[in-house]
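This report refers to the structure that appears directly beneath it.
The values are calculated or read from the model by the stated rules, or taken from the named source; none is laboratory data. Note that the structure is a prediction, hence the values are computed from the model and not measured. Virtual Cβ from ideal backbone geometry, glycine too; neighbours counted across all protein chains shown.
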Amino acid sequence: MTDPYPEEAPAVPQPVILVADPLDEGVTADLAADFDLRHCEGADRSALLTAIPQAAALIVRSATQVDQEIIDAAPALRVVARAGVGLDNIDVPAATRAGVKVVNAPESNVVSVAELAVGLILSSLRHIPAASASVRRGEWRRSAFQGEELCGKTVGVLGFGRIGRLVAARLAPFDVELLANDPHIPDSAMAELGVTGAPFETLMRRSDILTVHLPRTPETIGIVSHEALRLARPTLRVVNTSRGGIVDESALEVALKEGRIAGAALDVFAMEPPAADSPLLGDTAVLPTPHIGAGTRQAQLRAASEIATAVRRILLPTSTRTVVRGCSV
Ligand code: NAD
């Protein structure tokens, strides 16, 4: 006679994925189907230290600090995934020493940043934020906001990597002259996009708009310096959506104060947030934004999808599933 109550095979425990920063709900639901998905507030250090010992994967954005102490408290950890680009909040050498992989989503926000750079360029040329604010104040000063057309301007793209080249491609239909400087990209690759490779000094001398897309390295910190800005035309607007400190803020402040350049638009600052009494914030020729380059729904979704796919592949190497959401780059 067959046993009507057969013993069930003991359930194989699913690997634990700890999500320590907010992540798209669709992506977490997808992971929850195959993993033991747990959440904790990564900025709450004791909550993180309590939850981490069971985790096979830790998913963070920028708020959670993953340092040596966290790695030491995580014997089961196989992967730390950063749903975004920068790894400043992750001690990558400590993870590597412990055999823990670190993955990120380097392509996820490049379109968002490129579009912000184009938006800042147009906003600066046409004084859009100031004009809009004046209407809200009940004013109607149509002649107070005379601007400049982008058409016919010379745009210098400093750093012709993922974002720099997307900005160039997006600006080309505006009938601008495009120059670029990047020692690691051959002029021929720039020429394919209608861009002329040029030395840094030429960009500084000839640009009406300098759009900065460099990584922050010892070599690039302060590269847009007092000396560089002394070469500039009075029409120059400096747009920085890369990293704070690459444009020397005191040099920028002096050049603006002395009327040697026309304006600036800054999404990033040497210190974030900048001091409320920063002279740059007090200058109406400066258009500041609070580091919103990656702040689109699509970039966040793309980052979450990319790292979910990577985590799945590491924890379940036989999985061929790709979590794809949002528009592709
Ligand atoms: P990338 O690595 O693809 O491109 C950077 C390019 O700069 C490379 O081609 C490199 O050769 C070039 N470069 C390096 N040193 C140089 C120098 N001294 N002179 C000229 N060129 C030089 O990087 P990316 O993905 O295009 O990102 C560009 C910047 O944007 C980075 O600093 C990144 O952190 C920043 N970023 C900002 C935001 C935001 O929210 N504002 C979001 C994402 C990325």
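Values computed for the structure shown
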quantity: For residue 234: the one exception among (1) farther than 16 Å from residue 265 by Cα; (2) more than 26 Å from the chain's Cα centre (by Cα); (3) loosely packed, with under 15 Cβ neighbours inside 10 Å; calculated: (1)
quantity: Flag for residue 221 being touching a Gly at 6+ places or on another chain (Cβ under 8 Å) and either over 21 Å from residue 199 (Cα atoms) or of a type in the set (Val, Ile, Thr) (or both); calculated: yes
quantity: Subset of the range 289-309 that is part of a helix (DSSP H, G or I) and touching an Asp or Glu at 6+ places or on another chain (Cβ under 7 Å) - its residue that is farthest from residue 245 (Cα to Cα); calculated: 308
quantity: Matching entry among 302, 260 (being in contact with a Cys (Cβ under 9 Å, 6 or more places away or on another chain) and at pLDDT 95 or above); calculated: 302
quantity: Selection count where residues are in contact with a Cys (Cβ under 9 Å, 6 or more places away or on another chain) and surrounded by fewer than 19 Cβ atoms within 10 Å (Cβ to Cβ), scope the range 75-120; calculated: 0
quantity: Cβ pairs under 9 Å, 6+ apart, first in the range 212-228 and under 22 Å from residue 121 (Cβ atoms) and modelled with pLDDT under 95, second more than 10 Å from the ligand (Cβ to nearest atom) and outside any loop (DSSP other than H, G, I, E, B); calculated: none
quantity: Residues located in the range 129-148, provided they are within 16 Å of residue 264 (Cα to Cα) and not hydrophobic (A, V, I, L, M, F, W, C); calculated: 129, 147, 148
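Condition check ((1) within 25 Å of the chain's Cα centre (by Cα); (2) of a type in the set (S, T, N, Q); (3) farther than 30 Å from residue 148 by Cβ) across all residues:
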site	(1), (2), (3)
40	yes, no, yes
56	no, no, yes
62	yes, yes, yes
98	no, no, yes
115	yes, no, no
120	yes, no, no
